[in-house]
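Presented below is the structure to which this report refers.
The values are calculated or read from the model by the stated rules, or taken from the named source; none is laboratory data. Just so we're clear, the structure is a prediction, and the values are computed from it rather than from any experiment.
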Amino acid sequence: MSLSEVERFFYLEGGACLGKKVNQFDEIYSHLQEILAGMKYGSITLVVQDGVVVQIEKNEKLRIK
């Protein structure tokens, strides 16, 4: 997902960046970049409460060949 797609999700789809919550987008994006940089396999879940991201969960898998 490109940055513009992420921004579109948060701004247009009712996510974390509506109104006074705009600053949260930068913090979330920074955390996501950091998590993705050190992860090979797994999933990331954003937990949203009342339109605000309140938690980021990382579920990492180790693949043994």
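Assorted remarks:
- When restricted to residues that are modelled with pLDDT of 90 or more and at positive phi, region 37-53 contains 1.
- Residue in region 22-36 that is over 11 Å from the mean Cα position of the chain (by Cα), of a type in the set (Val, Ile, Thr) and either modelled with pLDDT of 85 or more or not in a loop (DSSP other than H, G, I, E, B) (or both) present: yes
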